[in-house]
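J.: For reference, the structure I am asking about is given below.
Derivation of every value follows stated rules applied to the coordinates shown; laboratory data play no part. Small disclaimer: the values here were computed from a predicted structure and weren't measured. Here the Cβ is made from the backbone with ideal geometry for all residues, glycine too, and neighbour counts use every protein chain on show.
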Amino acid sequence: MSDIKKLVSSCVICDKQLESAMPTLQDETYSNQPYGAVMCSSSGNYGSTVFDPVMGGQVELVFNICDECLVKKKGLFLLCERVYQRPKFEYKGFDPDTFDW
Ligand SMILES: [Zn+2]
């Protein structure tokens, strides 16, 4: 195994060159996982005049932000928590004569 650290994309804010968090991993799928940084992705959105793919989330724009910039520039970021709700069921009487299918 080699201990040579693979380079990954640099920080999008300060341009610092980042190293891989898994330098010995051979699988190129994980080659952009940075050490001391977070990997961010965007599937684009309506409103962007640059990146709004209509491929249903199959393509993502990927970039890294170093931990230092996450702290220094914390006012730039929003934390989004997704809330998943259990489905609600409504029950009512069944009448085959009026059931519409
Ligand atoms: Zn940075």
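J.: Testing ASN64 on (1) polar (S, T, N, Q); (2) assigned to a strand (DSSP E or B); (3) more than 12 Å from the ligand (Cβ to nearest atom), one condition comes back false. Which one is that?
T.: Just one mismatch for ASN64, condition (3).
J.: Here's a check for you: in the range 35-61, which residue that is of a type in the set (Ser, Thr, Tyr) and assigned to a loop (DSSP other than H, G, I, E, B) is nearest to SER10 (Cα to Cα)?
T.: Ranking the candidates gives SER43 first.
J.: Can you give me the number of residues within the range 67-101 that are part of a loop (DSSP other than H, G, I, E, B), within 21 Å of the chain's Cα centre (by Cα) and among the β-branched types (Val, Ile, Thr)?
T.: 1
J.: List every residue pair whose Cβ atoms sit under 9 Å apart, with the two residues 6 or more apart in sequence or on different chains, where the first one lies in the range 36-50 and is without any contact (Cβ under 8 Å) to a residue 24 or more places away in the chain and the second, anywhere, is in a strand (DSSP E or B) and within 16 Å of the ligand (Cβ to nearest atom).
T.: Close Cβ pairs (under 9 Å, with a partner that is in a strand (DSSP E or B) and within 16 Å of the ligand (Cβ to nearest atom)) amount to SER41/VAL62; SER41/PHE63; SER42/VAL62; SER42/PHE63.
J.: While we're looking at this one, here's another question. Of (1) without any contact (Cβ under 8 Å) to a residue 60 or more places away in the chain; (2) surrounded by 10 or more Cβ atoms within 10 Å (Cβ to Cβ), TRP101 satisfies all except one. Which?
T.: Only one criterion in (1) without any contact (Cβ under 8 Å) to a residue 60 or more places away in the chain; (2) surrounded by 10 or more Cβ atoms within 10 Å (Cβ to Cβ) is unmet by TRP101, namely (2).
J.: Next up: Which of the residues belonging to the range 67-87 are of a type in the set (D, E, K, R) and either closer than 16 Å to VAL8 by Cβ or more than 12 Å from the ligand (Cβ to nearest atom) (or both)? So that I can check it myself, show each step before the final result.
T.: Keep residues of the range 67-87 that are of a type in the set (D, E, K, R), which gives 67-68, 72-74, 81-82, 86.
Once the filter is applied, which keeps residues that are of a type in the set (D, E, K, R) and either closer than 16 Å to VAL8 by Cβ or more than 12 Å from the ligand (Cβ to nearest atom) (or both), the range 67-87 yields ASP67, GLU68, LYS74, GLU81, ARG82, ARG86.
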